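Each remark here refers to the structure printed beneath this line.
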Amino acid sequence: MAGNSFGNLLKITTWGESHGPAIGAVIDGCPAGVKVTEKDIQKELDRRRPGQSKLTSPRNEADKVEILSGVFEGRTTGSPISLMVKNKDQKSKDYSKIKSVYRPGHADFTYDAKYGIRDYRGGGRTSARETIGRVAAGAIAKKIIPAIKINAKLLKPTAKLIDKAKKENDSVGGLIECTIKNVPPGLGSPVFDKLDARLAHAMLSIPGTKGFEIGSGFKCVEMKGSEHNDEFQIKNGKVLTKTNHAGGTLGGISNGMDIVFRVAFKPTSSIALKQQTINNKGKKEVIEIKGRHDPCIALRAMPIVESMATLVLADELLIQKTI
Ligand SMILES: Cc1cc2nc3c(=O)[nH]c(=O)nc-3n(C[C@H](O)[C@H](O)[C@H](O)COP(=O)(O)O)c2cc1C
């Protein structure tokens with residue numbers, strides 16, 4: 001299976017399945033001397049953990065991180081950092097019914113079509129547990145860019161709407177907005193690795209995402225150039241723009257304004273309502289998905305969005321130091 005790594009100079013590889021013994025990440029390219037403790041990483045993982053509210057999956061995992069390599073006496077050594085979280089609250093029998101039946105909106109059919117084999121327990125590699133490795137790696141990347149502040153928030157839906165969907169055995173989508181402050185001008189490369197393109201790649205690699213927009217985003221199609229152009233000015237000795245329709249990048253390079261982007265998450269596909277589908281022999285089936293699921297993916301995705309953005313920015317800062 002290709003495509004388990006992300007990043008150029010700062011490269012992460014995530015590994016593991018939802019119901020395997022453990023899950024984690026390897027981070028290659030982290031500079032030596034960065035102060036990191038398991039506590040720093042745990043703080044971020046605790047924000048991602050399920051079972052913390054009645055509006056998230058009740059799977060109860062401590063998600064305790066262990067640093068296996070690359071950190072000595074509290075500082076990175078420059079060698080690959082391996083991070084592991086043991087899976088504990090697996091209930092694989094919850095999933096035995098979906099062994100051969102394709103869940104609508106999930107990746108069962110496409111995995112079978114591509115690999116001819118799939119670890120169906122808890123979604124295997126397609127599970128949100130894969131994002132543990134991203135968040136753990138993001139906690140280390142955060143140490144490389146201490147001045148840059150990244151914050152994601154849920155724009156919609158409300159807790160009331162999520163609760164209603166949950167009671168109806170259904171699910172809802174959600175929009176997350178992320179703001180990145182204190183970005184120096186000059187990060188990003190102008191052609192295939194445009195900063196906005198790299199952020200889009202990072203965000204759309206998060207399971208359950210369906211859309212990405214930066215700055216004015218899709219609204220730009222309704223605007224005139226005179227409205228959309230951000231006029232330049234000097235403020236406190238800095239080059240700034242009066243508005244920020246660009247969302248912090250021009251020509252794929254940061255312009256010193258806040259980077260602002262939004263990510264659309266689809267409604268969770270695993271719902272307990274009856275749905276029509278087929279099995280792996282092409283026979284019609286009716287499926288009701290039992291087990292423990294999130295009624296709104298976006299509600300749990302904020303630390304994941306922040307971590308992926310952190311990985312992109314830290315990578316770009318390291319690249320900037322080499323030119
Ligand atoms: C934090 C988080 C929690 C998720 N929880 C669930 C869940 O409980 N049930 C589910 O079917 N999908 C859940 N997903 C989404 C699936 O992992 C995803 O839909 C699936 O891998 C198919 O990929 P795609 O939606 O990107 O095409 C979650 C995703 C994230 C990021």
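In terms of distances greater than 30 angstrom between alpha carbons, the cross-link table entries Lys166/Lys210; Lys224/Lys321; Lys54/Lys143; Lys266/Lys321; Lys143/Lys166 yield Lys224/Lys321; Lys54/Lys143; Lys266/Lys321; Lys143/Lys166.
Each Lys and Arg contributes +1 and each Asp and Glu -1, all at the Cβ; summed about the Cα centre of the chain, the dipole is approximately 980 debye. A Förster radius of 25 Å, combined with the Cβ-Cβ distance separating Asp89 from Ala272, puts the computed FRET efficiency at roughly 0.80. Stokes-Einstein diffusion of segment 234-322 at 4 °C, 1.567 mPa s viscosity, Kirkwood radius from Cα pairs, rounded to a whole number: 74 µm²/s.
Along the chain, counting only GluC sites (Glu not before Pro) with a DSSP assignment other than H, G, I, E or B and at most 11 other Cβ atoms inside a 10 Å radius, the longest segment between sites is 74-230. Arranged from fewest to most other beta-carbon atoms within 10 Å of their beta carbon, Leu187, Leu204 become Leu204, Leu187. The fewest-to-most ranking of Ile180, Ile148 by surrounding Cβ atoms within 10 Å reads Ile148, Ile180. Extension gain for Lys242-Val221 works out to 5.5 nm (0.36 nm per residue, less the C-alpha to C-alpha distance).
Straight-line cross-link reach from Lys153 at under 12 Å between alpha-carbon atoms covers these aspartates and glutamates, not counting any fewer than eight positions away in the same chain: Glu177, Glu306. Remark: segment 5-322 is approximated by an ellipsoid whose semi-axes, taken from the C-alpha gyration tensor as √(5λ), come to 35, 26, 17 Å, largest first. The fewest-to-most ranking of Ile271, Ile297, Ile304 by surrounding Cβ atoms within 10 Å reads Ile271, Ile297, Ile304. Using a simple spin-label model with pseudo-atoms 7 Å out from Cα toward Cβ, Lys235 and Lys43 lie 2.9 nm apart.
What do you get for chymotrypsin sites (Phe, Trp or Tyr not before Pro) in segment 181-239 restricted to DSSP loop and a cutoff of at most 12 other Cβ within 10 Å of the site's Cβ? In loop regions of segment 181-239 (DSSP not H, G, I, E or B), the sparsely surrounded chymotrypsin sites (Phe, Trp or Tyr not before Pro) are Phe192. Here the 3J(HN,Hα) profile of segment 55-66, calculated from phi with Karplus coefficients 6.51, -1.76 and 1.60 at θ = phi - 60°, is 9, 10, 4, x, 3, 9, 10, 6, 6, 7, 8, 10 Hz, Gly and Pro shown as x.
A simple spin-label model places the labels of Asn4 and Leu161 3.7 nm from each other, with each point 7 Å out along Cα-to-Cβ. For segment 42-123, the set of trypsin sites (Lys or Arg not before Pro) satisfying both a DSSP loop assignment and a count of at most 16 other C-beta atoms within 10 Å is given as Lys54, Lys64, Lys88, Lys91, Lys99.
Just so you know, all these numbers are worked out from the coordinates, no wet-lab data involved. Note that this is a predicted model, so its numbers are computed, not measured. FYI the Cβ positions are ideal-geometry reconstructions off the backbone, even for glycines, and counts take in every protein chain you see.
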